[in-house]
Amino acid sequence: AVVGAGVGGSAVAYFLQQHFGPQVQLDVFEKGHVGGRLATVTVNKQQYESGGASIHSLNLHMQDFVKVLGLKHRREVAGKSAIFSGEHFVLEETDWYLLNLFRLWWHYGISFLRLQMWVEEVMEKFMRIYKYQAYGYAFSSLEELLRSLGGEAFVNMTQRSVAESLLEVGVTQRFVDDVIAAVLRASYGQSVLVPAFAGAMSLAGAQGSTWAVEGGNKLVCSGLLKLTKANVIPARVTGVSLHSSEGRALYQVHYEDGEGQGSGFYDMVVLTAPLHPSKSNFTFQNFEPPISDFPGAFQPSVTSVVHGYLNSSYFGFPDPKLFPFASILTTDTPTLFFHAMDNICPVNISSAFRRKQPQEAAVWRVLSRQPLDKQQLKTLFRSYYSVQVTEWPAYPHYDAAKSLPPIVLHDNLFYLSGVEWVASSMEMVAVAAKNVALLAYNRWHEDLEKIDQKDLMHKVKTEL
């Protein structure tokens, strides 16, 4: 059984079938729609992303899914960004790459180069995971996984803030306050106190090339489930109880659907829905020692998709025709009620598509912590036709002092969503899905040589 049909659930179903073979029976429970936080809303008969919107070009699992499913990359539509402080723009992108570099250097000295080197070093080590997974190696805890990639330094990066780590490598406080804060607000809706590892992943996404799936990112989830011929059960899972049969653990999954309550027995269960008291009334029965609640909470994040006319004078452009930006990030200013906003394109982009002129009605996605009230909408828009609000418990509320949740809850009971406490993105969840599938397979076949091995870089080189 797989609980949840977002990226984690659909990817783990796909990987489990890859390793265990086509005879494996997969039941995937989903109380909402397939895709989880990958979702779209419809404005004027066109669909727009309301959830996870962009994928980094180094995300190899997501790239593979798209290839396997025969999906296409969405055509890119260029647009400039700027960072707004509530009173003025602290940094504006131009059409000229060299001028952008010069502006960064002029404002912040070599801080941006130091940032780039720091992010590249983290990403280079992180990319080792693909090689380990290609050779079938798995990790029984998030700490072990991090250690195998970057030693204790990576584990420590989940315990200290991104601000602290960057100041240490010589990035200035001003650059942290203006640029780093804006990127983290746009991606996690949180401050520069998020842990360094989560911060590095978010900053890699901001400075690398990103892409999206033609037709909507959620097509990856529905595509993988179709490919694995998984049995999708529209029901809310309420708990798991432990039984045993012939010396092996057997798990009873309890659920509620339109017809009432039901349950089923499984050899193996993967939970991909977040298990935090604030998120789920989930019970574990007959486990000894009992499976405890996980500390921590999820951060509410609100996406408002607004079809309307931007109030460009709020941003210092009385003439809307002259407003040059397609996306606006914001600094951590108490008076600012939104984290970021961008002029978004539909999920299907024809070759004739052009971005709306700034004085025309366009579709904007506004990210904020609370739903926007009438006054706030009036501040951002001169007038609007429609507002569609989605509230996501999207990201862990990062707090550097937390320990990381376990992956193995019992013999063949696995927890996938804990990876979001390391960093939260589609690819992190896909990496965790592959790890859980390999871990489940290696444990089932008692191939302990493939679990938590030390000095993997050396081993993989030898195998090559």
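The values are calculated or read from the model by the stated rules, or taken from the named source; none is laboratory data. Model, not experiment: these values are computed from the prediction. Don't worry about glycine lacking a Cβ; one is built from the backbone with ideal geometry, like all the others, and counts go over all protein chains shown. For the accessible areas, the whole protein counts, side chains as well, though only heavy atoms, and no ligand, DNA or RNA atoms are used. Shrake-Rupley method; radii C 1.70, N 1.55, O 1.52, S 1.80 Å.
Overview of results
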{"read-out": "Residues within region 422-452 that are closer than 30 Å to HIS243 by Cβ and either of a type in the set (D, E, K, R) or touching a residue at least 24 places away in the same chain (Cβ under 8 Å) (or both), tallied", "value": "19"}
{"read-out": "Within region 384-408, considering residues that are open to solvent by 30 Å² or more (accessible area, probe 1.4 Å) and in contact with a helix residue (DSSP H, G or I) (Cβ under 7 Å, 6 or more places away or on another chain), the one farthest from VAL363 (Cα to Cα)", "value": "PRO406"}
{"read-out": "Matching option when the condition is without any contact (Cβ under 8 Å) to a residue 24 or more places away in the chain, open to solvent by 60 Å² or more (accessible area, probe 1.4 Å) and under 30 Å from GLY136 (Cα atoms), among ASP411, ASP373, ASP455", "value": "ASP455"}
{"read-out": "Residue within region 368-378 that is touching a Pro at 6+ places or on another chain (Cβ under 7 Å) and of a type outside the set (S, T, N, Q) present", "value": "yes"}
{"read-out": "Enumeration of residues in region 71-87 that are open to solvent by 40 Å² or more (accessible area, probe 1.4 Å), closer than 16 Å to SER312 by Cβ and not in a loop (DSSP other than H, G, I, E, B)", "value": "LYS80"}
{"read-out": "Any pair with Cβ under 6 angstrom, 6 or more apart, that starts in region 249-266 at a residue that is within 15 Å of PRO234 (Cβ to Cβ) and ends at one that is surrounded by 13 or more Cβ atoms within 10 Å (Cβ to Cβ) and small (Gly, Ala, Ser)", "value": "VAL253/ALA1; VAL253/GLY264; TYR255/ALA235; ASP257/ALA235"}
{"read-out": "Residue in region 104-120 that is in contact with a strand residue (DSSP E or B) (Cβ under 7 Å, 6 or more places away or on another chain), at pLDDT below 95 and surrounded by fewer than 18 Cβ atoms within 10 Å (Cβ to Cβ) present", "value": "yes"}
{"read-out": "Spans of strands (runs of 3 or more DSSP E) in region 259-361 with at least 1 residues open to solvent by less than 30 Å² (accessible area, probe 1.4 Å)", "value": "260-266, 269-271, 298-310, 325-330, 340-343"}
{"read-out": "Residues within region 364-384 that are under 30 Å from the mean Cα position of the chain (by Cα) and either among the small types (Gly, Ala, Ser) or farther than 23 Å from GLY32 by Cβ (or both), tallied", "value": "11"}
{"read-out": "Residues satisfying the stated conditions in region 146-181, i.e. closer than 19 Å to GLY296 by Cβ and open to solvent by 10 Å² or more (accessible area, probe 1.4 Å)", "value": "VAL155, ASN156, MET157, GLN159, ARG160, SER161"}
{"read-out": "Given (1) open to solvent by 40 Å² or more (accessible area, probe 1.4 Å); (2) at pLDDT 90 or above; (3) more than 23 Å from GLY79 (Cβ to Cβ), index of the condition ASN435 fails", "value": "(1)"}
{"read-out": "Members of region 1-29 that are part of a loop (DSSP other than H, G, I, E, B), open to solvent by 30 Å² or more (accessible area, probe 1.4 Å) and closer than 19 Å to LEU69 by Cβ", "value": "PRO22"}
